[in-house]
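The values are calculated or read from the model by the stated rules, or taken from the named source; none is laboratory data. Just so it is clear, the model here is predicted, and its values are computed rather than measured. Glycine gets a Cβ as well: all are built from the backbone with ideal geometry, and neighbour counts include every protein chain shown.
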Amino acid sequence: MAILSSSSFSLFPTHQFQTKKHTRLRRDLTSNRAVFIKNRDCLINRSLTDSNIQLRRLIESGDLVNSVKLLHQSGKQDIDPRTLCSVLQLCADSRSLKDGKEIDSFIRSNGFVLDSNLGSKLALMYTNCGDLVEARRVFEQVRIEKALFWNLLINELGKVGDFSGSIELFKKMMSFGIEMDRYTFSCVSKSFTNVNGGEEFHGYVLKSGFGDCNSVGNSVMAFYLKKKRVESARKVFDEMSERDVISWNSMINGYIDNGLAEEGLSVFVRMLCSGIEVDLATLVSVLAGCVDSRLGRAVHGIGLKACLGQEDRFCNKLLDMYSKCGDLDSAKIVFAGMSDRRSVVSYTSLIAGYAREGLAGEAVKLFAEMEEEGISPDVYSVTAVLNCCARNRLLDEGKRVHEWIKENDMGFDMFVSNALMDMYAKCGSMREAELVFSEMPVKDIYSWNTVIGGYSKNCYANEALSLFSLMLEEKRVDPDERTVACLLPACASLSAFDKGREIHGYIMRNRYFSDRHIANSLVDMYAKCGALLLARMLFDEIASKDLVSWTVMIAGYGMHGFGKEAIALFNQMRQAGIEPDEISFVSVLYACSHSGLVDEGWRFFNLMRYDCKIEPTLEHYACIVDMLARTGNLLKAYRFIENMPIQPDATIWGALLCGCRIHHDVKLAEKVAEKVFELEPENTGYYVLMANIYAEAEKWEEVRKLRARIGRRGLRKNPGCSWIEIKGRVNIFVAGDSSNPETEKIEAFLRGVRARMREEGLSPQTKYALIDAKEMEKEEALCGHSEKLAMALGILSSGHGKIIRVTKNLRVCGDCHEMAKFMSKLTRREIVLRDSNRFHQFKDGHCSCRGFW
């Protein structure tokens with residue numbers, strides 16, 4: 001018992017000691033571990049703090065390169081997301097996309113959580129650096145709460161033209177419930193001006209309570225004005241509770257830009273009355289709407305009171321306003337006052353002003369002065385002076401400008417090249433225009449139209465049509481309305497009926513007929529191709545006829561000898577409320593002249609003078625003289641010329657000379673011819689006409705004297721030339737031409753026709769051969785007349801029943817006229833012959849001219 005007790009006693013203290021020792025050991029170990037963990041955490045925090053501190057110091061100093069290097073040297077555990085936001089901000093400020101992408105890669109590879117703050121900075125970096133695709137990607141991944149970042153991206157997308165992307169982002173912002181501000185609406189409104197849906201946007205603005213905000217209201221106004229919805233913009237303007245100067249300027253400028261200058265100026269007056277202080281933008285807009293220099297001077301005064309007299313933009317706009325109003329004296333005063341502040345804009349405005357007033361010399365001189373002053377002309381000043389040369393037909397001055405363009409390497413600018421071609425074309429120098437065209441590396445539609453139109457207006461109709469064919473072959477530029485308008489006169493000039501019909505088809509396929517200018521040109525083309533019925537049908541289809549429409553159709557009737565129809569249409573035009581001008585009266589007087597309607601001609605001449613108060617010009621007097629001369633009233637015509645209030649020209653005396661030929665009055669013809677030769681000594685046509693008069697009277701000695709006179713002067717007669725279009729190809733003949741492959745067939749056909757004429761008792765009118773020779777030689781000479789050759793080819797080559805259309809550059813001779821009548825009866829074909837005077841429509845042995853040609 002004692003042993004057991006002793007044993008038990010002795011063992012207990014030992015166990016107790018060991019337990020305490022272990023407890024202390026465990027406590028010490030635990031304490032040491034806590035200290036270790038604490039020290040470890042302190043080291044980690046110190047490392048993290050040190051890296052972020054170093055990075056922030058680099059960021060604050062703007063050292064982006066070393067910031068990125070240090071970032072790569074650190075690990076995820078060393079970098080605070082707030083530091084990443086700071087370095088992304090530095091990338092955004094520095095516009096460094098390359099560094100920004102490296103940081104984006106660091107974020108993704110280290111598994112950083114892309115929260116709203118970090119995502120916002122990343123989106124900002126991409127937006128500022130111009131990578132909008134990546135910016136939108138970030139917006140799709142992260143819910144960004146601040147409107148600022150949405151506004152930036154919406155605005156940038158609009159700037160680069162991604163309007164649908166800008167609007168899509170705006171709609172996403174709405175769906176996320178992001179609180180918008182006034183900048184949001186201002187930014188997105190720019191995109192709505194370029195796409196549909198602006199009205200819905202306006203409605204959302206009002207619902208959101210931003211309708212009274214100036215900047216938002218101004219943006220909505222800008223949207224409506226860009227869409228040319230001025231009244232809607234005005235409604236927004238009127239509903240604004242407060243308007244700033246931008247609101248007033250927008251409304252003024254909107255009216256003026258949309259051609260409503262009077263309303264814009266009215267708003268300007270209201271602005272002044274409201275006590276709003278005008279600024280430079282206000283006055284610049286108002287000056288653009290001034291069409292009267294008196295009003296412009298008032299605005300000028302307001303500008304001086306507002307201390308804007310030294311503002312270059314204000315002075316240049318003043319200069320432009322005075323120039324456009326034709327007040328060149330005031331323009332020159334402003335220009336002189338600018339002295340050393342003159343720019344290329346100043347010079348260009350004054351050059352354009354001189355050009356508009358026809359002061360081409362001053363414009364060219366100012367262009368040279370600008371270069372002497374060391375101000376380099378730009379595209380606008382060069383084109384302005386070229387347009388001036390074009391308008392005033394100053395070929396030599398235009399060539400000097402061309403030399404300057406070559407010296408300054410400006411020749412490859414498309415606008416300059418187009419202006420050069422236009423200048424050469426309007427000066428009648430198509431070779432130079434074609435050379436400029438051929439050297440252009442890139443041509444736009446205006447380039448093609450300028451040369452095609454130049455060819456057409458300068459009587460190079462074949463070249464115009466050939467260039468059009470080349471344009472279609474190259475397929476680089478599609479023809480437009482102006483191309484067609486340039487081509488139709490070329491078809492009319494050549495009487496190229498088939499080509500004209502092709503172009504008509506092109507017009508209808510492209511719906512160009514609604515263009516009144518094209519419709520009028522089409523009517524004119526058919527009239528000049530001898531297709532008068534087609535011309536009238538198209539004329540009737542023109543929905544809204546202007547004075548040109550009526551005049552073209554009246555002239556068409558006149559050319560074809562349908563005087564009564566021309567008069568009826570002229571009266572119908574007046575009943576429609578369209579008052580005639582001097583050109584309309586020329587057309588109706590011409591119709592009376594070529595139809596022998598003397599009484600009607602006098603009536604219209606007096607109507608023009610006394611009722612319409614139009615002073616007659618030389619053209620009107622020429623029509624009256626021609627009308628009297630054709631009807632045999634030669635002495636009356638002579639007295640009329642002598643009593644004219646204006647000096648008669650060669651055309652008027654020439655009309656009387658033609659009448660002398662028709663009625664074989666050699667004595668009066670000699671008297672008239674001397675007056676014509678005195679006025680136009682170089683015009684061979686009048687010498688030839690007088691020679692014809694002598695030849696028809698068989699005064700061969702006088703013919704020889706006249707021909708000797710022509711020889712002494714070194715003059716050459718224009719050869720008779722006729723042409724006919726067959727299967728799209730224009731065949732040209734001159735007198736005695738034997739170059740055509742069908743010459744043998746043509747001559748055989750004409751001999752056969754002549755034989756049939758003799759059988760029916762119709763002898764050749766050899767007096768029109770105009771040579772002193774035997775009858776057989778005269779007859780052979782007559783058979784070689786160009787119009788006979790062209791008509792014969794038409795009959796032999798075209799399908800049965802097709803109308804033969806021939807054009808001649810001179811007046812048709814009497815023998816050819818008689819033969820054409822006979823051919824129309826023999827072959828049962830309608831022949832339309834257009835000579836230099838009028839149309840002759842041969843059918844069943846009769847001519848529409850009834851002897852008046």
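Can you list residue pairs whose Cβ atoms sit under 8 Å apart, with the first residue in segment 100-112 being assigned to a helix (DSSP H, G or I) and the second being at pLDDT 80 or above and of a type in the set (Gly, Ala, Ser)? Count only pairs 6 or more apart in sequence or on different chains.
If the second residue must be at pLDDT 80 or above and of a type in the set (Gly, Ala, Ser), the pairs left are Gly100/Ala92.
Looking at segment 601-619, which of its residues are assigned to a helix (DSSP H, G or I) and either surrounded by fewer than 20 Cβ atoms within 10 Å (Cβ to Cβ) or polar (S, T, N, Q) (or both)?
Trp602, Arg603, Asn606, Leu607, Arg609, Tyr610, Asp611, Leu618, Glu619
Which one of these is at pLDDT 90 or above, among the hydrophobic types (A, V, I, L, M, F, W, C) and part of a helix (DSSP H, G or I): Leu435, Leu366?
Values: Leu366 fails: at pLDDT 90 or above.
The unique qualifying residue is Leu435.
What residue, of Met508, Met553, is assigned to a helix (DSSP H, G or I) and either modelled with pLDDT of 95 or more or assigned by TED's automatic domain parsing to the domain that holds Ile804 (or both)? Lay out the reasoning, then the answer.
On the way: Met508 fails: either modelled with pLDDT of 95 or more or assigned by TED's automatic domain parsing to the domain that holds Ile804 (or both).
After applying the criteria, what remains is Met553.
Filter segment 257-309 down to the residues that are among the β-branched types (Val, Ile, Thr) and surrounded by 15 or more Cβ atoms within 10 Å (Cβ to Cβ), then identify the one that is nearest to Arg243 (Cα to Cα).
Just the residues of segment 257-309 that are among the β-branched types (Val, Ile, Thr), to begin with: 267, 269, 276, 278, 282, 284, 286, 291, 299, 302.
Imposing the further condition that a residue be surrounded by 15 or more Cβ atoms within 10 Å (Cβ to Cβ) reduces the set to 267, 276, 278, 282, 284, 286, 299, 302.
Values: Val267: 13, Ile276: 9, Val278: 13, Thr282: 14, Val284: 19, Val286: 18, Val299: 22, Ile302: 21 Å.
Among residues in segment 257-309 that are among the β-branched types (Val, Ile, Thr) and surrounded by 15 or more Cβ atoms within 10 Å (Cβ to Cβ), the one nearest to Arg243 (Cα to Cα) is Ile276.
Restricting the search to segment 113-143, which residues are in a loop (DSSP other than H, G, I, E, B) and under 48 Å from the mean Cα position of the chain (by Cα)? Please lay out each step first, then the result.
Step one: list which residues in segment 113-143 are in a loop (DSSP other than H, G, I, E, B), which gives 113-115, 129-131, 142-143.
If the condition is that a residue be in a loop (DSSP other than H, G, I, E, B) and under 48 Å from the mean Cα position of the chain (by Cα), then Cys129, Gly130, Asp131 are the ones that fit.
Out of the residues in segment 511-550 meeting the condition of being aliphatic (A, V, I, L, M) and more than 23 Å from Ala461 (Cβ to Cβ), tell me which one is modelled with the lowest pLDDT.
Of the residues in segment 511-550, the ones aliphatic (A, V, I, L, M) are 518-519, 522-523, 525, 527, 531-535, 537-538, 542-543, 547-548.
Subset that is more than 23 Å from Ala461 (Cβ to Cβ): 533, 537, 542-543, 547.
Values: Leu533: 93, Met537: 95, Ile542: 94, Ala543: 90, Leu547: 96.
The selected residue is Ala543.
Of these, Val672, Val676, Val625, Val688, which one is within 19 Å of Gly814 (Cβ to Cβ), more than 40 Å from the chain's Cα centre (by Cα) and part of a helix (DSSP H, G or I)?
Values: Val672 fails: within 19 Å of Gly814 (Cβ to Cβ); Val676 fails: within 19 Å of Gly814 (Cβ to Cβ); Val625 fails: within 19 Å of Gly814 (Cβ to Cβ).
Only one candidate qualifies: Val688.
Working carefully through the options Ile693, Ile732, find the one that is in the same structural domain as Arg834 (by TED's automatic domain parsing), of a type in the set (A, V, I, L, M, F, W, C), closer than 29 Å to Leu750 by Cα and surrounded by 13 or more Cβ atoms within 10 Å (Cβ to Cβ).
Numbers: Ile693 fails: in the same structural domain as Arg834 (by TED's automatic domain parsing).
Testing whether each residue is in the same structural domain as Arg834 (by TED's automatic domain parsing), of a type in the set (A, V, I, L, M, F, W, C), closer than 29 Å to Leu750 by Cα and surrounded by 13 or more Cβ atoms within 10 Å (Cβ to Cβ) leaves just Ile732.
Of all the helices (runs of 4 or more DSSP H) wholly in segment 230-312, which have at least 1 residues that are among the charged types (D, E, K, R)? Break it down into steps so the answer makes sense when it comes.
Working: elements: 230-239, 245-257, 261-273, 280-288, 293-305.
Those helices (runs of 4 or more DSSP H) span 230-239, 245-257, 261-273, 293-305.
Looking at segment 833-844, can you tell me whether even one residue there is closer than 25 Å to Asn740 by Cα, surrounded by fewer than 22 Cβ atoms within 10 Å (Cβ to Cβ) and of a type in the set (A, V, I, L, M)?
No, every residue in segment 833-844 fails to be closer than 25 Å to Asn740 by Cα, surrounded by fewer than 22 Cβ atoms within 10 Å (Cβ to Cβ) and of a type in the set (A, V, I, L, M).
Can you tell me which residue in segment 594-630 is farthest from Tyr557 (Cα to Cα), limited to those that are of a type in the set (Ser, Thr, Tyr) and free of Cβ contacts under 8 Å to residues at least 60 places away in the same chain? Spell out how you get there, then give the answer.
Residues of segment 594-630 that are of a type in the set (Ser, Thr, Tyr), as a first pass: 595, 610, 617, 621.
Within this subset, residues satisfying the condition of being free of Cβ contacts under 8 Å to residues at least 60 places away in the same chain are 610, 617, 621.
Working: Tyr610: 25, Thr617: 22, Tyr621: 20 Å.
In this case the residue turns out to be Tyr610.
How many residues are of a type outside the set (Ser, Thr, Tyr) and in a helix (DSSP H, G or I) if we restrict to segment 632-667?
Here the count works out to 22.
In the list Ser349, Ser381, which residue meets the criterion of being of a type in the set (Gly, Ala, Ser), assigned to a helix (DSSP H, G or I), under 30 Å from Lys457 (Cβ atoms) and touching an Asp or Glu at 6+ places or on another chain (Cβ under 6 Å)?
Working: Ser381 fails: touching an Asp or Glu at 6+ places or on another chain (Cβ under 6 Å).
Going through Ser349, Ser381 in turn, the sole match is Ser349.
How many residues does segment 562-596 contain that are acidic (Asp, Glu) and not in a helix (DSSP H, G or I)? First the steps, then the outcome.
So in segment 562-596, the residues acidic (Asp, Glu) come out as 565, 579, 581-582.
Keeping just the survivors that are not in a helix (DSSP H, G or I) gives 579, 581.
Residues flagged as acidic (Asp, Glu) and not in a helix (DSSP H, G or I) within segment 562-596 amount to 2.
Could you check Met776 against (1) modelled with pLDDT under 80; (2) closer than 30 Å to Ala673 by Cα and say which number it fails?
(2)
Might you let me know whether segment 648-657 holds any residue that is over 19 Å from Ile710 (Cβ atoms), surrounded by fewer than 18 Cβ atoms within 10 Å (Cβ to Cβ) and either over 44 Å from the mean Cα position of the chain (by Cα) or at pLDDT below 95 (or both)? Walk me through it before giving the result.
Step one: list which residues in segment 648-657 are over 19 Å from Ile710 (Cβ atoms), which gives 648-649, 651-652, 655-656.
Within this subset, residues satisfying the condition of being surrounded by fewer than 18 Cβ atoms within 10 Å (Cβ to Cβ) are 649, 651.
Remaining after also requiring either over 44 Å from the mean Cα position of the chain (by Cα) or at pLDDT below 95 (or both): 649, 651.
Checked against the condition, which is being over 19 Å from Ile710 (Cβ atoms), surrounded by fewer than 18 Cβ atoms within 10 Å (Cβ to Cβ) and either over 44 Å from the mean Cα position of the chain (by Cα) or at pLDDT below 95 (or both), segment 648-657 yields at least one hit.
Considering every residue within segment 451-461, establish whether at least one is touching a residue at least 12 places away in the same chain (Cβ under 8 Å), surrounded by fewer than 22 Cβ atoms within 10 Å (Cβ to Cβ) and closer than 25 Å to Phe367 by Cα.
Applying the first criterion (touching a residue at least 12 places away in the same chain (Cβ under 8 Å)) to segment 451-461 yields 451-461.
If we keep only those that are surrounded by fewer than 22 Cβ atoms within 10 Å (Cβ to Cβ) as well, we get 457-460.
Next, from what is left, pick out any that are closer than 25 Å to Phe367 by Cα: none.
Looking for residues that are touching a residue at least 12 places away in the same chain (Cβ under 8 Å), surrounded by fewer than 22 Cβ atoms within 10 Å (Cβ to Cβ) and closer than 25 Å to Phe367 by Cα, one finds none in segment 451-461, hence no.
Criterion first (in contact (Cβ under 8 Å) with a residue 12 or more places away in the chain and touching a His at 6+ places or on another chain (Cβ under 7 Å)) does Gly530 satisfy it?
Working: in contact (Cβ under 8 Å) with a residue 12 or more places away in the chain: yes; touching a His at 6+ places or on another chain (Cβ under 7 Å): no.
No; evaluated as a whole, the condition is false for this residue.
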